[in-house]
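Read the structure below first, then the notes.
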Amino acid sequence: MRSSQFFLPTLKETPAEAQIASHRLMLRAGMIRQTSAGIYAWLPLGWKVLRKISQIVREEQDAAGAQELLMPTIQSAELWRQSGRYDDYGKEMLRITDRHDRELLYGPTNEEMITDIFKTFVRSYKDLPKNLYHIQWKFRDEIRPRFGVMRGREFLMKDNYSFDLDAEGAKLSYRKMFLAYLRTFARMGLKAIPMRADTGPIGGDLSHEFIILAETGESGVFCHKDWLDLDVLQNPPEAGSDLKDFFAKYTSIYAATDEKHDPATCEVPEDQLVSARGIEVGHIFYFGTKYSKPMGAVVAGPDGEPVAVEMGSYGIGVSRLMGAIIESSHDENGIIWPESVAPFHVGLINLKADDAACASLCEDLYAKLNAAGVETLYDDRNERPGAKFADMDLIGLPWQLTVGPRGLKAGVVELKRRATGEKRELSVEAALAELIKA
RNA sequence: CGGGGCGUAGCGCAGUCUGGUAGCGCGACGGUUUUGGGAACCGUAGGCCCCCGGUUCGAAUCCGGGCGCCCCGACCA
């Protein structure tokens, strides 16, 4: 993509409404535009990142055996009356009537709908287990939306639902998701720590919140420092195992949100206890037959007797994750994207757009990077160097490749790593080789 | 929903107390000189001063009502 063509409305000044870093930076980097309280339009750069985050979530869901589908945003009130939640959910649920005065709602979650779909088609224990997910916009009419996309009213969420014949199977499904979640967040460069959680309005008896550590997190969290060294990607559990040992290991290390943390009873020695701030990015629940019983999600068991299926549900705040990633990875100049979710891999900066030699080298580099599948944003605008550097730092691409007349005379280009600020002068060939391998 | 604040050019703000026909910086557009970390100068365009009503010769400014947005608290992916 060429900057001269790209719709990337960056701002030099910070809009007044933004309080926290991720919100400020997303506005300044031209990623989002607020259209109402807690509701945002996603501009090209923001949308590109949102798709990358979604894709990682999708890949890990697929790898864990879940299957993607897509349910609508609008649901009928009738469905929610079956589970009893239409009256329980309160004002957070946006209720709508259509032209025939039928009662509808904009879905805050999909337990009822998926259960309804499941029960329509699945009749036998032989069809179990099943795990279905979608990535869809949700609406919760928060009393006070804030912090940009971190707590919007409309937000993109991955939610999935597991169906098993018995509690043992349901707990295995739960452990598989537990692992998938750890892997998902780790792939985005986040340290996510699962913490025992209340089950809230979804209900159930086993639940974990996944909290990532960030200075501007909404809640205080405490954990054993051993968490900081755990790397699930480097030490995966044995393939095909029942994950019991893995789950036991991860749930035995101390971690608690401040509501649950009691310094009086916490057994972790003080010098090993980490106190930090955290952002909730995922939440998983095992709730048994809470929905399957009232809604009649029943299969025939091996003995022919009807069995209400055991269910769990699992959520990841996809749009919130973008804010969370920025909270945990930025500096005073802008965003620092982890490679896995960066909107482009390389920012190619032509310092003097009207210089024939610079332009011709840049065109050549741009073509070669594209040919090698390296996503590149080529700043070919006729702007001053300072403005280009500032924009590139702001939008936080992992690599900046700078071509200018001064370096060109010496036969070098400059390669800068955004995360560290490290700059190296390299030959054109060496710089290309570096970017294509990385 | 309780408490606080704001609404004036695309963005950030002054002007409101003390009523007199709207301004600054950034941005945009044109030009000249510039060009390795958000340039300088000259010029131009851009405003239902959130909305409705009232007071007044006259309202961005005073009064009444409404709407929107932000912040602090209780709730959530």
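The values are calculated or read from the model by the stated rules, or taken from the named source; none is laboratory data. Keep in mind the model is a prediction, meaning the values are calculated, not measured. All Cβ positions, even for glycine, are placed from backbone atoms using ideal geometry, and neighbour counts span all protein chains on display. Ligands, DNA and RNA are excluded from the accessible area calculation, which covers all protein heavy atoms including side chains. Shrake-Rupley method; radii C 1.70, N 1.55, O 1.52, S 1.80 Å.
As a test of reading the structure, rank A:Val309, A:Val274 by solvent-accessible area (1.4 Å probe, protein chains only), most first.
Highest to lowest solvent-accessible surface, that is A:Val274, A:Val309.
Once each part is reduced to its C-alpha centroid, what is the distance from segment A:406-431 to segment A:141-200 in angstrom?
So the separation of the two Cα centres works out to 42 Å.
Would you mind putting A:111-118, A:242-249 in packing order, based on average other-beta-carbon counts within 10 Å, highest first?
So the order, starting with the most tightly packed, is A:111-118, A:242-249.
Please report how far the C-alpha centroid of segment A:231-261 lies from that of segment A:210-230, rounded to the nearest whole angstrom.
The distance from the Cα centre of segment A:231-261 to that of segment A:210-230 comes to 14 Å.
Per-residue ellipticity at 222 nm for chain A, helices alone: DSSP H runs ≥ 4 residues times -39500 (n - 2.57), over residue total, nearest 500 deg cm²/dmol?
Helix contribution divided over all residues of chain A: -9500 deg cm²/dmol.
Amide H neighbours of A:His330 under 5 Å, at least 5 residues apart or on other chains, H built in the peptide plane: list them.
A:Ile336
Roughly how many Å² is the accessible area per residue of chain A, as a whole number, for a 1.4 Å probe?
Solvent-accessible surface per residue comes out at 45 Å².
Over 26 Å between C-alpha atoms is what I'm after, so list which of A:Lys171/A:Lys191; A:Lys176/A:Lys249; A:Lys119/A:Lys176 land there.
none
Once you've got the GNM for chain A with C-alpha springs shorter than 10 Å, pick whichever of A:Arg81, A:Arg102, A:Arg24 has the biggest mean-square fluctuation.
Maximum among the listed residues: A:Arg102.
So if I take the centroid of the Cα atoms in segment A:331-399 and the same for segment A:65-136, what is the distance between those two points in Å?
Using only Cα atoms, the two centres lie 44 Å from each other.
By how many nm would the segment from A:Glu103 to A:Ser219 lengthen if fully extended, with 0.36 nm per residue of separation less the alpha-carbon distance?
Length difference between fully extended and current span is 38.1 nm.
In a Gaussian network model over chain A where Cα atoms closer than 10 Å are linked, find which of A:Ser313, A:Ser76, A:Ser54 has the largest mean-square fluctuation.
Highest fluctuation among the options: A:Ser76.
Which order do you get for A:Ile316, A:Ile336 if you rank them by accessible area with a 1.4 Å probe, largest at the top?
Descending accessible area places them as A:Ile336, A:Ile316.
Leaving ligands, DNA and RNA out of it, work out the accessible area of A:His134 with a 1.4 Å probe and give it in Å² to the nearest 10.
The value for A:His134 is about 0 Å².
Given the options A:Gly282, A:Gly189, A:Met322, identify the residue whose Cα lies farthest towards the positive end of the charge dipole of chain A (+1 on Cβ of Lys, Arg; -1 on Cβ of Asp, Glu).
Farthest along the dipole direction, towards plus: A:Met322.
Over segment A:21-335, with every protein chain in place, what whole percent of the accessible area is carbon and sulfur at 1.4 Å, could you tell me?
Looking at segment A:21-335 in its full context, I get 48 percent from C and S.
Just name one of A:Tyr86, A:Leu43, A:Gln67: the one whose Cα is farthest towards the positive end of the charge dipole of segment A:1-92 (beta-carbon charges, Lys/Arg +1, Asp/Glu -1).
The residue sitting most towards the positive pole is A:Leu43.
Sorting A:Tyr125, A:Tyr86 by accessible area (1.4 Å probe), largest first, what list results?
Highest to lowest solvent-accessible surface, that is A:Tyr125, A:Tyr86.
Can you give me the span-like helices of chain A, meaning DSSP H runs with 27 Å or more of Cα extent along the axis and Kyte-Doolittle mean at or above -0.5?
Both cut-offs are met by A:167-187.
Expected output is a single nm value to one decimal: the length gained when fully extending between A:Leu11 and A:Arg123, i.e. 0.36 nm times separation in residues minus the C-alpha distance. What is it?
Stretched fully, the A:Leu11-A:Arg123 segment lengthens by 34.7 nm.
Could you work out which residue, out of A:Gly334, A:Gly404, A:Gly282, moves most in a Gaussian network model of chain A, that is, has the largest mean-square fluctuation with Cα springs under 10 Å?
A:Gly404
May I ask you to give the percent of accessible area on segment A:344-437 that is carbon plus sulfur, with a probe radius of 1.4 Å?
52 percent
For chain A, take every pair of Cα atoms, bin their distances at 20 Å starting from 0, and report each bin as a whole percent.
Histogramming chain A at 20 Å steps yields 23, 49, 24, 3, 0 percent.
Tell me, what is the percent relative contact order of chain A, built from C-alpha pairs under 8 Å that lie six or more residues apart?
Reported as a whole number, the value is 17 percent.
First select every other residue whose beta carbon is under 14 angstrom from the beta carbon of A:Glu92; then total the charges, Lys and Arg +1, Asp and Glu -1.
+3
What FRET efficiency would be calculated for the residue pair A:Ser427, A:Arg144, taking the C-beta separation as r and a Förster radius of 45 Å, to the nearest 0.05?
0.25
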